Amino acid sequence: MFKVQKKLTSLLLLFIMVLGSISGHLVTAKAADSRPEGFVYAQGTKFMCDGSPYYYGGTNCYYLIYKSKTEVNNVIEDASDMGIKVIRAWGHLDVGTKTGKTNSQGYQVFENNNDGSGEKDGVYFQYFDSKLKKPVVNEGADGLQRLDYAIAKAEKENVKLLITFTNYWEAFGGMGQYAKWAKEAGIASNLTGDDFYTNETLKGWYKNYIYTLLNHTNPYTGRKLKDEPGVFAWELANEPRCKTDAGCKNDVIYKWAKEMSAYVKSIDPYHMVSVGDEGFYNLPYNSVQESSCSYIWYGAEGVDFEKLMTIDTIDFGTPHIYVDQWGMKYTGDGQDDMLWLKKHAETTKANNKPVILEEFGIKDKSLRDAEYTQWYNVIEGNTYDGLEYAGSNYWMIASYLDDGTLYPDYDGYTVYGPSEATQTATTRRLIMNHNQVMNKKNIANSVNVSQVNFDRSSPTDIVVKAVMKTGSITGLTSNDVEMKLGTDYTINSDTITIKKEYFAKKELAKYTCKVLTSAGNKPTFTVNVTDSKVANPELSTYTIAIDKNTKVCKDVQVTMTPNGSEFRGIKNGSKTLVQGSDYIVDGNTVTIKKSYLTSLATGNVVLAFDFYEGIDRELTVSVTDSTGKDSFDTFDGYTSVDELNTAYSKNSSGNSVGLNLVTKNGSQALSFAYNVGSPNYCGVNKAMINKDFASFLGIELWIEGDGSGNEVTIQFRDDNDHYWESYIKLDFTGGKTVQLPFSGFKAPSWQSASAIPNIAAINQFSIYVGSISSKTTGTIYLDEIVAYKNQVEITTPYIQNSELEYNIQQPSDLVTDVVFYGTTLKSITYNGTALAQGTDYSINGGQIRINQVFLNTLVEDGQYKLVYTFSDNTTAVLTITVTGNGIVIPGEEIVIDSFDNLVSSNYVRNSNGNSITVTSSSGKAKISYTVGNPEYAGITKTFSSAMDWSQGGKVKIDLVNDIAGRNLVIQFRDQSGNYFEARKSLSAGTSTIEIPISDFKTPSWTQSAVADLSRVTEYSIYIEKGSASAGSGTLYMDNLVLVKTDDEPIVSKIVIDTFDNINSSNYRRNENGNAISITSEGERAKVSYTVGNPAYAGFTKAFSSGMNWTTGKTMKLEVTSDAAGRDLVIQFKDKDGSYFEAKKTLSGGSNTVTISLCEFKTPSWVQSATPDYSMITEYSIYIEKGTAVEGVGTLYLDNLILV
């Protein structure tokens, strides 16, 4: 497409599906055996995948790399529903130089961009580092991980992505951005986009990006992008041109494509590579006389399609066609478009390569379907004998955005994915029919069963019939382990018989069997191994439905009945859920966390509950997402009043109405100024694409009334052209949330009441005010007009994203989105201490930003809870998970060895002991050993770098043991070479062994020493004969961890006051406060006090010599209080005479008050200062009335320490 047409759309995203009709058993795959499964490759003029033809129908979508996950899901799921197999997508988003500033949306601000602000919705892939003087790749969550998600989601939907490396046009940075980088680097100030092909520095930067991209690891799949089967092919650029080489006198693009395609293949030999050019020819002038469009044939853009197709490392051709932009004749006789399609099929056939129509579109919808039908006939091979295309990618697909509207058709070429998008429905059906034709050309081998059940207690041979379209059967695997022909199975013609003995001794599980073939694809089937004599575990439910909208999603509980089987965890495909964060287990109840459920893609997700014996159980989670789809209008997305007035059309029969944008309800809201004199009503209408609200109960909105007594009408129209309305009387002032059930909406008086509203297809939403009082003018305010469900009838404010993560190694502010429902934020507190607005946090409309000033005080890994208190005294909790520091809080685990994917060679046998081996078994370590003479066997694992165990209180390991009476010895060595060990006697079966660190002693054969827990270099596991008989045995080990506990902390502590046998005269009462006394009661202090007038009482203890608190982080005090709601204030003074204090609210009974030193602030009555922890001279404790009643009370204090 020309630059003028790509102002907003030059992010082309091509869905490429591979087509090919081949019959018989003669197809062979070129180098097929050397390619990973699922990779598409070129063989002659066809695409192949796993030995079978891969014809496809596809599309483009440029915004997959920067829109939200939901918006990406919408596109890819729509594409899958349409039968699309390949989407062409951008793999680049290049920006200028960071300024260190952020805009009003919190996005990085860049300068010297080639495309506007550079970033797209805050996303950027590559930027220029002014210090390094070169571009740097952003591999983070606002960078390549956006592409990662699209690849992973596409693979899940059986779609592949064709990914470009850069762009000729300015959109998304492209080649012009490289030229701007060169100027900033001081290399040259006069480079243009055409220099991208020849300048060695620019080419080097381009290669560096390719290298980084292809070797980047996708966190959603765990694979490098060069290893992703979800990538269809790599493309050098979108529509490369070189006007300075018109006529291709210097073959600039040809030489560049040859060099760069070879470079890509040197990194990734298995994925295909294309140029991405539009297919322009460089033929002798006037040699194509049958065409009326000379521009496309004679080298005007420096592109020579014929010559590009001779490059060995270019796998297929990619012509584009835009008849309305290029001035091509496409109606009547002598059509340029048909000649163009024919010529490219001939050129690629002559070079024995496939060709795809990579971009095409027509703006004129009245002609579009007829033209597409002609083009698809050529592509499918129906028009010209012996000529066909291997794939097609129309420009472009789009779908719903998060606000429930369709992505705008900026360039006029969009064909929407959703079936309800009526404006392009006929073209969508045409495309789907074409996709079906292409898919039918793909022949494949198959088997007559998809799943076979095998009962270990009643074993029989398994017989499977293969239907071979290509090649012959050469073997069989089970879970990728090759089975032995003759021993494990037999082949008779195309019939496979698996002998019953093979699965009779297998663990109860599902096994994937793959039929190996000499050519073509390798079909699979599943063997479900069960045992009718083993009681299978059960789940309380096997299907659940969730809405991942954070407003309504909740934790889900499933009760297990193990029937003697051990529960080992939950898997989603190949990924294991993390216990503690994704789910928690309490007895036989599993709670799957909301935070995990909301991360799932829409559709059906199968979670496998893994049991050691008995069959694994599957929980099918049906995931929907009403996010954005529940919205009529939240008013947050408008950038101007003009945009607002464009969205709402005024009822021309009614009176005047004025719309404006204001800040209300904690965010941007609608101001509705009305006049209901004559006529006595006014209103506005907002058109919508049919939206489905069938799963909701009604409409909820925030409204601030004017007390006029007039009436607001909320109205909607369904797809049957019927209207329905409900009413709100304006007999109030101030803001409130109102819910209008759909059951309460009635037909207007001027419409038949016999109709039934179709809330599954609402296409217009309206707001009216009618006169029912003497006041004819006024202003009301509306916000957050959404649909509600019964579980979200919310009238109290809440935090939409209530769980956030803060990485100390990659610090950044955290932004929470708050729905205020007419309230305001009163305070934010942490552990009872209020954060300072403007310093610790800031408010911007409906967003509250937690600043790094506060976040930097969270020094330990773990979870921290901030309490938001609103003006209506309701509260909401923000949970911040801090990572990246390595300091753990009590109860957290430091993994010593998970035994996941273990490598046996990392475990060294003790050569003085008996025989022992360690292998991997379903995520556990399987230890096979012999004890007798000698009576022990052991292994040692050395850490690649020393581990810090000083935070640990005990060592814990999960075991399954077959012989009772054996002894387990765990041993470790510190950096000084000293050994320490502890011993436990084992019972048979499953157990969890816990050993306090204090139990580890130096062995009898070595000199006594003190362990340096800060640097542990290795650990060993020994099995001793113990009280059991000599012989062989098996031990399964899992999750060797270090647990920090409160009762056994291995941390240094500073004792401030133990309160043991106190001398009351050492504690000085504050004379300005109320009555207080402190006496000794055993090993704690008894504090008797009065609070009322004044409302506090306190005492001070001075240190005889100053204390050094510099090594401390957290203060702890044990308190027993007889009254809930009292406030406890701890205060200290440093050598400079500066005071600092922190406050906590007490509950009745026992309390352990924990206060981070960073929470101590200077009191309001003194000048702000910074504490000098090297010399603390005194501390004080105050009791304040708090929320409790006035009067007398008693506190007991014990163990005031700093850790």
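From the list Tyr410, Tyr416, Tyr394, the lone residue that is modelled with pLDDT under 95, under 34 Å from the mean Cα position of the chain (by Cα) and among the aromatic types (Phe, Trp, Tyr) is Tyr410.
Conditions (1) touching a Cys at 6+ places or on another chain (Cβ under 9 Å); (2) touching a residue at least 12 places away in the same chain (Cβ under 8 Å); (3) farther than 30 Å from Glu566 by Cβ, marked per residue:
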site	(1), (2), (3)
Lys469	no, yes, yes
Ile473	no, yes, yes
Ser493	no, no, yes
Thr497	no, yes, yes
Lys510	no, yes, no
Phe525	yes, yes, no
Thr530	no, yes, no
Asn536	no, yes, no
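Within region 960-968, does at least one residue satisfy the condition of being of a type in the set (Lys, Arg) and assigned to a loop (DSSP other than H, G, I, E, B)? The answer is yes, given that some residue of region 960-968 is of a type in the set (Lys, Arg) and assigned to a loop (DSSP other than H, G, I, E, B). Pairs linking a residue in region 593-621 that is within 26 Å of Val72 (Cβ to Cβ) to a residue that is in a loop (DSSP other than H, G, I, E, B) and of a type in the set (Val, Ile, Thr), with Cβ atoms under 8 Å and 6 or more positions apart or on different chains, are Lys594/Thr550; Thr598/Thr550; Leu619/Thr541. Between residues in region 1002-1021 that are in contact (Cβ under 8 Å) with a residue 40 or more places away in the chain and residues that are of a type in the set (S, T, N, Q) and exposed (fewer than 12 other Cβ atoms within 10 Å of the Cβ), which pairs lie under 6 Å by C-beta distance while being six or more apart or on different chains? As it stands, the answer is Arg1015/Gln975; Thr1017/Gln975, since those pairs meet every condition given. When region 1004-1039 is filtered for residues that are part of a loop (DSSP other than H, G, I, E, B), surrounded by fewer than 15 Cβ atoms within 10 Å (Cβ to Cβ) and at pLDDT 90 or above, the ones remaining, listed by number, are Ser1027, Ser1029, Ala1030. Within region 231-257, the residues that satisfy the criterion of being surrounded by fewer than 18 Cβ atoms within 10 Å (Cβ to Cβ) and out of contact with any Asp or Glu (no Cβ under 6 Å at 6 or more places or on another chain) are Lys243, Ala246, Gly247, Lys249, Asn250, Asp251, Lys255. The conditions are (1) surrounded by 13 or more Cβ atoms within 10 Å (Cβ to Cβ); (2) closer than 30 Å to Leu357 by Cα, and Lys499 fails exactly one of them. Which is it? Single failed check for Lys499: (2). Kindly indicate whether Asn1074 is farther than 28 Å from Met1175 by Cα and free of Cβ contacts under 8 Å to residues at least 24 places away in the same chain. Criteria met by Asn1074. When you scan region 206-227, do you find a residue that is in the same structural domain as Thr318 (by TED's automatic domain parsing), among the acidic types (Asp, Glu) and touching a residue at least 60 places away in the same chain (Cβ under 8 Å), even just one? Looking through region 206-227, at least one residue is in the same structural domain as Thr318 (by TED's automatic domain parsing), among the acidic types (Asp, Glu) and touching a residue at least 60 places away in the same chain (Cβ under 8 Å).
Kindly indicate which of Lys1001, Lys984, Lys1044 is among the charged types (D, E, K, R) and under 25 Å from Leu1117 (Cβ atoms).
Exactly one of Lys1001, Lys984, Lys1044 is among the charged types (D, E, K, R) and under 25 Å from Leu1117 (Cβ atoms), namely Lys1044.
Every listed requirement among (1) among the β-branched types (Val, Ile, Thr); (2) over 38 Å from the mean Cα position of the chain (by Cα); (3) surrounded by 16 or more Cβ atoms within 10 Å (Cβ to Cβ) is met by Thr487 save one, (3). Residues in region 942-955 that are surrounded by fewer than 17 Cβ atoms within 10 Å (Cβ to Cβ) and assigned to a strand (DSSP E or B): Thr942, Phe943, Ser944, Ser945, Ala946. The conditions of being in contact with a helix residue (DSSP H, G or I) (Cβ under 8 Å, 6 or more places away or on another chain) and crowded, with 17+ Cβ neighbours inside 10 Å are not met by Tyr596.
Every residue, every condition in (1) part of a loop (DSSP other than H, G, I, E, B); (2) among the acidic types (Asp, Glu); (3) not assigned by TED's automatic domain parsing to the domain that holds Gln764, yes or no:
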position	(1), (2), (3)
Val552	yes, no, yes
Gly569	no, no, yes
Thr591	no, no, yes
Leu600	yes, no, yes
Phe609	no, no, yes
Leu619	no, no, yes
Tyr638	yes, no, no
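Each residue in region 993-1003 was checked for being surrounded by fewer than 19 Cβ atoms within 10 Å (Cβ to Cβ) and part of a helix (DSSP H, G or I), and 2 of them qualify. Looking across region 123-139 at every residue that is touching a residue at least 12 places away in the same chain (Cβ under 8 Å) and in a loop (DSSP other than H, G, I, E, B), the one that is farthest from Gly100 (Cα to Cα) is identified as Glu139.
The test for being under 21 Å from the mean Cα position of the chain (by Cα), buried (at least 16 other Cβ atoms within 10 Å of the Cβ), among the aromatic types (Phe, Trp, Tyr) and not assigned by TED's automatic domain parsing to the domain that holds Gln668 holds for Tyr149. Taking the criterion of being more than 20 Å from Asp409 (Cα to Cα), more than 38 Å from the chain's Cα centre (by Cα) and of a type in the set (A, V, I, L, M, F, W, C), the residues of region 354-375 that qualify are Ala370, Trp375. A count restricted to region 99-122 and to residues that are free of Cβ contacts under 8 Å to residues at least 24 places away in the same chain, in contact with a Gly (Cβ under 6 Å, 6 or more places away or on another chain) and on the phi > 0 side of the Ramachandran plot stands at 0. Among the residues examined, Leu730 does not qualify as over 19 Å from Gly778 (Cα atoms) and among the aliphatic types (A, V, I, L, M). If you go through region 837-862 and keep only what is assigned to a loop (DSSP other than H, G, I, E, B) and surrounded by 14 or more Cβ atoms within 10 Å (Cβ to Cβ), you end up with Asp840, Gly845, Gly846, Asn851, Thr857, Leu858, Val859, Glu860. The set of residues in region 74-92 that are crowded, with 23+ Cβ neighbours inside 10 Å and either assigned to a helix (DSSP H, G or I) or not assigned by TED's automatic domain parsing to the domain that holds His271 (or both) comprises Asn74, Val75, Ile76, Asp78, Ala79. The single condition among (1) closer than 30 Å to Gln764 by Cα; (2) of a type in the set (Ser, Thr, Tyr); (3) under 18 Å from the mean Cα position of the chain (by Cα); (4) buried (at least 18 other Cβ atoms within 10 Å of the Cβ) that Ser631 does not meet is (3).
Those helices (runs of 4 or more DSSP H) of region 245-354 in which 1 or more residues are under 24 Å from Gly386 (Cβ atoms) occupy 305-308, 336-350.
Filter the strands (runs of 3 or more DSSP E) completely within region 642-739 down to those with at least 1 residues that are among the small types (Gly, Ala, Ser), under 21 Å from Asp630 (Cβ atoms) and under 33 Å from the mean Cα position of the chain (by Cα).
667-675, 681-691, 698-706
The values are calculated or read from the model by the stated rules, or taken from the named source; none is laboratory data. Since this is a predicted model, take the numbers as computed values, not measurements. Ideal geometry is used to build each Cβ from the backbone, glycine not excepted, and the neighbour counts take in all protein chains shown.
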